[in-house]
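Participant: Pasting a structure here, questions to come.
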Amino acid sequence: MANSTELSPEEKYNLISRNLQEVLGEDKIKTILKDRDLKIYWGTATTGKPHIAYFVPMSKIADFLRAGAEVTILFADLHGYLDNMKAPWELLALRVEYYEHSIKAMLKSIGVPLEKLKFEKGTNYQLSKEYTLDVYRLSSVITQHDAKKAGAEVVKQVDHPLVSGLLYPGLQALDEEYLKVDAQFGGIDQRKIFTFAEKYLPQLGYQKRAHLMNPMVPGLTGGKMSSSEDESKIDLLDSAANVKKKLKKAFCEPGNIENNGCLSFVKHVIMPLLNTGEKFVVPRQADYGGNLEFEKFDDLEQAFAKEEVHPGDLKNAMEIYLNRLLDPIRKIFEEPKLKELAAKAYPAPGKQKGSNQQQNQVTDEIVPSRLDIRIGKIVEVSKHPDADALYVEKIDVGETTPRTIVSGLVNFIPIEEMQDRMVVVLCNLKPAKMRGVESQGMVLCASVDDPKQVETLIPPENAVPGEQVYIENYESGSPDDVLNPKKKVWEKLQVDLKTNTDCIAQWQGNNLITQTGGKIRSKSMTVAPIK
């Protein structure tokens, strides 16, 4: 790669824009490049743990730096806090530190010049008087519709959204002005926020910036690569054995070039990071024709589409190149201080000292693994002596004695159908008296108000009393001993519990399952809240 001072404005633009899905403000960028180098920022909310998908923006940041651009990486800690309060401030501070070490290690791994790279933390300026006044100024001209629309692809969409989610796009727009950049870089999922910024910043008297957008690269399972979906992503510190294991499970159907996470990763990360003159090598045994070499991704894609490249061979090649990228990062994080930082920033659920309640007070994250949901069997049922609409049930949830639980089901299920019924029970609510009878849990039901309809959730046929119910992708967490009612953990999680169009119980699209993988469902109610 030539030194940036030797590149023409056109060559710099080609390097900056290659492999992008869309550029807004192309003419503006080209005009600036005739006079000086571009100033670009990329922001990331410091919540989930960085994984190999971060190499996608990093490979583009490498292009920007090699084109002579001045690049600012914004650690958007305030944005992260506002996005459904995924993490408390104490953890966010540690994660900012972890992100900086991780990103520096990634860029070092791919041999990028760092002289024109800067790091900035959002709260360094986003809590200033000037920025705060601009937030108020912006809020006076933005419509609720535009704010919600702008964040639709980025901010977690829930049934009862917080006002913080409406603020998120405005903050990101203002960052362009306060970081004094010419352009913002992000994924194509940010497009609505980018066009929002182009519309509203000029209304405050600030200039309109250009926007550079990467395509969304699918994860290893074919969908979005997610920090919460362990099989979909490879952690930066995953061992070589784990890399092999996850690649083996990756979706890579013969001849299928659509939503193929393996091919996409080769296109957007591995091949752009190859050294000058280096080809992408697919190793094969001599009996099968020997190694294949590709100089251009299009040639590899065509060969894969024609099934000239076998998925297993492509994965073997990926394994080699991935470990080449990850080895320097693993080595850096062998340092004791960084090991300690990683453990503190992302504490493993269930491994801290003290009770489950204490450990979750440390992390304070609102995650569904904090719910103690179990299969139960109603062994005794009677009507509440002082409330006509309530049943008093004795439910076996795998403990030495059945729990007493009060449920408002009299008007929906005959008492004879309640006896010996298998149900799903939330077991770690704080006990509460209901018309004089202490209830030690809640029978979970699909329920709608108009017209009023209630169905108890149905466990899988082979389920047994006391069997734990998990939420997919959150199996590793440990339930609180008792959910703190002051923190409203249950209320915050409950708004995203509902049945889907197939009557399957889910939390934010993740199925409720037992240890054997059986699904929890409602008998007939679709897209109904669970409470």
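The values are calculated or read from the model by the stated rules, or taken from the named source; none is laboratory data. For clarity, every value in this text was computed on a predicted model and none was experimentally measured. No Cβ is skipped: glycine too gets one built from the backbone with ideal geometry, and neighbour counts run over all protein chains shown. Heavy atoms of the whole protein, side chains included, go into the accessibility calculation; ligands, DNA and RNA do not. Shrake-Rupley method; radii C 1.70, N 1.55, O 1.52, S 1.80 Å.
Participant: Output yes when any residue across the range 129-144 is part of a helix (DSSP H, G or I) and closer than 24 Å to M216 by Cα, and no when none is.
Facilitator: No - not one qualifying residue is present in the range 129-144.
Participant: Quick one: P402 ticks every box in (1) under 28 Å from T526 (Cα atoms); (2) without any contact (Cβ under 8 Å) to a residue 24 or more places away in the chain; (3) surrounded by 17 or more Cβ atoms within 10 Å (Cβ to Cβ) bar one, so which box is it?
Facilitator: (1)
Participant: Hey, does the range 100-109 have a residue that's free of Cβ contacts under 8 Å to residues at least 24 places away in the same chain, surrounded by fewer than 19 Cβ atoms within 10 Å (Cβ to Cβ) and in a helix (DSSP H, G or I)?
Facilitator: Yes.
Participant: Taking the residues in the range 35-56 that are open to solvent by less than 20 Å² (accessible area, probe 1.4 Å) and assigned to a helix (DSSP H, G or I) as candidates, determine which candidate is nearest to N14 (Cα to Cα).
Facilitator: V56
Participant: Among the residues of the range 20-34, which ones are in contact with a strand residue (DSSP E or B) (Cβ under 6 Å, 6 or more places away or on another chain) and part of a helix (DSSP H, G or I)?
Facilitator: K28, I29
Participant: Kindly list the number of the only condition in (1) modelled with pLDDT of 90 or more; (2) under 19 Å from N214 (Cβ atoms); (3) buried (at least 22 other Cβ atoms within 10 Å of the Cβ) that fails for T72.
Facilitator: Here T72 meets the rest and fails (3).
Participant: What is the residue count in the range 10-27 for residues that are more than 22 Å from D189 (Cα to Cα) and surrounded by fewer than 17 Cβ atoms within 10 Å (Cβ to Cβ)?
Facilitator: Number satisfying all stated conditions: 4.
Participant: Can you tell me which condition K149 does not meet? The list is (1) under 26 Å from G509 (Cβ atoms); (2) buried (at least 18 other Cβ atoms within 10 Å of the Cβ); (3) of a type in the set (K, R), and all the others hold.
Facilitator: Tallying (1) under 26 Å from G509 (Cβ atoms); (2) buried (at least 18 other Cβ atoms within 10 Å of the Cβ); (3) of a type in the set (K, R), K149 fails exactly one: (2).
Participant: Answer yes or no: is there a residue in the range 451-460 that is closer than 18 Å to C427 by Cα, part of a loop (DSSP other than H, G, I, E, B), open to solvent by 30 Å² or more (accessible area, probe 1.4 Å) and modelled with pLDDT of 90 or more.
Facilitator: No, because not a single residue in the range 451-460 is closer than 18 Å to C427 by Cα, part of a loop (DSSP other than H, G, I, E, B), open to solvent by 30 Å² or more (accessible area, probe 1.4 Å) and modelled with pLDDT of 90 or more.
Participant: How about the range 474-492: which of its residues are assigned to a loop (DSSP other than H, G, I, E, B), among the basic types (K, R) and surrounded by 15 or more Cβ atoms within 10 Å (Cβ to Cβ)?
Facilitator: none
Participant: When you scan the range 273-293, how many residues do you find that are open to solvent by 20 Å² or more (accessible area, probe 1.4 Å) and either over 23 Å from F55 (Cβ atoms) or touching a helix residue (DSSP H, G or I) at 6+ places or on another chain (Cβ under 9 Å) (or both)?
Facilitator: Number satisfying all stated conditions: 12.
Participant: Another question about this same structure. What are the residue pairs meeting all of these: first residue in the range 416-437, first residue at pLDDT 95 or above and assigned to a strand (DSSP E or B), second residue open to solvent by 30 Å² or more (accessible area, probe 1.4 Å) and not β-branched (V, I, T), Cβ atoms under 7 Å, and 6 or more apart or on different chains?
Facilitator: Going by the 7 Å Cβ cut-off, the qualifying pairs are M422/K377; V425/R374; V425/M442; L426/M442.
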